[in-house]
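Here, each number is a calculation from the coordinates, and none is a lab measurement. All values derive from a computational prediction rather than experimental measurement. Reconstructed Cβ throughout: ideal geometry from the backbone, glycine too, with neighbour counts over all protein chains shown.
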């Protein structure tokens, strides 16, 4: 399971300013957008109330009616937090977590998260659970993570709902219960949590703990992909490409592959390259194929390295070059594309002994430089 990212001060503050609920909002008394320093909020600030100090902190975080200034934001959060304002305590913790306006200090982040969490702040409870889950500022403790995620999830904190599902799914901190995990994932997904939606899509695709259902997989991948989740976009592209849960549609496949590829997903980049190479869903365009294969190959994707070798071997989109072909085929084989070995040997047979030595050196260089990255 991928962990969600926590402690993003700007995201938290923006959500508060917009009046959003759930995990993103540190306090239930947040103003509506555009009202951080207007009207009563500005008037209260002069009276040094904890709430007005907190609102001034938000204004500096967001740069709303003042110049954006993280140090000033921390100044006002601290004044408010010292008066016991739970939202300010949470934001001060997040500032320490991210090193915004103060030196990064995970122990201080946990200190303020705990202050806020003990007052019942759902966001802080979720963030404190995350700190225990990852051992960030506190010793790693899955049972404590479960405790705080549970506290937060009861308040319908979206991230906590997802994290609680992850805890039940993994069995870290609680007895493993995948059926319970599904229930929490669904609650998070129904509230719009993109990672939970992606996870549900994968579970329905695999038929893990739920009956295999490609239509449900497409439904949840679509929800997540619509929120710009790169891996969900890639998986949705695959559903359209192979006609799983939807009618086969190469144009739609390439559409979603491209959206994922533009976010840097190497697998999607390889598929876009393949689409242009074959003319699947897009007009055949060898230069575009080389462009996307190269993007992916440089991230260590073996399929794209194989494809790039083909392009060099045939001179499609690039000048024909057997040394380049040999080098890319060699790297593809080394990274797991065993089918490329035949093509590598054919390319080698077209080279002089001297040229082959150069090609082998180039292959070694590429192998060193273009190793697969995480989750290829």
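As a proxy for reagent exposure, 209, 352 were ordered by neighbouring Cβ count within 10 angstrom, fewest first; the result is 352, 209. Counting every other Cβ atom within 10 Å of each residue's Cβ, 244, 161, 351 order from fewest to most as 244, 351, 161. When only Cα pairs below 8 angstrom with a gap of at least 6 residues are kept, the chain shows a relative contact order of 7 percent. Working from Cα pairs under 8 Å separated by at least six residues, relative contact order for segment 64-219 is 11 percent. Rounded, prolate or oblate, given the Cα gyration tensor of segment 286-376, with a/c below 1.5 counting as rounded? Cα axes put segment 286-376 in the oblate bin. Against the main long axis of the alpha-carbon atoms of the chain, helix 266-278 sits at an angle near 40°. Each part gets one Cα centre, and for segment 85-134 versus segment 327-368 those centres are 52 Å apart.
Against the main long axis of the alpha-carbon atoms of the chain, helix 50-62 sits at an angle near 20°.
For the chain, the mean residue ellipticity at 222 nm estimated from helices alone is -20500 deg cm²/dmol, where every DSSP H run of n ≥ 4 contributes -39500 (n - 2.57) and the total is divided by all residues, rounded to the nearest 500.
Label zone (residue 354, point 7 Å along Cα-to-C-beta; backbone nitrogen cut-off 20 Å) within segment 320-335: 321-327.
Tell me whether segment 81-134 comes out rounded, prolate or oblate; compute the Cα gyration tensor, take square roots of the eigenvalues as a ≥ b ≥ c, and use a/c under 1.5 as the rounded threshold.
Details: a/c = 2.10, a/b = 1.11, b/c = 1.89.
Note, shape of segment 81-134 comes out oblate.
With respect to the chain, whose longest principal axis is taken over its alpha-carbon atoms, helix 142-154 is tilted by about 70°. Inter-part distance, segment 222-238 to segment 254-319, computed on C-alpha centroids, equals 19 Å.
According to the square roots a ≥ b ≥ c of the eigenvalues of the Cα gyration tensor, what is the shape class of segment 166-325, taking rounded for a/c under 1.5, prolate for a/b larger than b/c otherwise, and oblate for the remainder? Cα axes put segment 166-325 in the prolate bin.
Here the contact order of segment 192-263, divided by its residue count and restricted to Cα pairs under 8 Å and six or more residues apart, works out to 25 percent. Of 261, 359, 232, the residue with the greatest mean-square motion in the GNM of the chain, using alpha carbon springs below 10 Å, is 359.
Taking the inverse of the mean 1/r over every pair of distinct Cα atoms in the chain gives a Kirkwood hydrodynamic radius of 23.3 Å.
Springs between Cα atoms under 10 Å define the GNM used for the chain, and in it the highest mean-square fluctuation of 218, 138, 254 occurs at 138. Note on the chain: GNM, Cα springs under 10 Å; of 298, 143, 358, the largest mean-square fluctuation is that of 358. Each of 239, 82 has some number of other Cβ atoms within 10 Å of its Cβ, and from fewest to most they run 82, 239.
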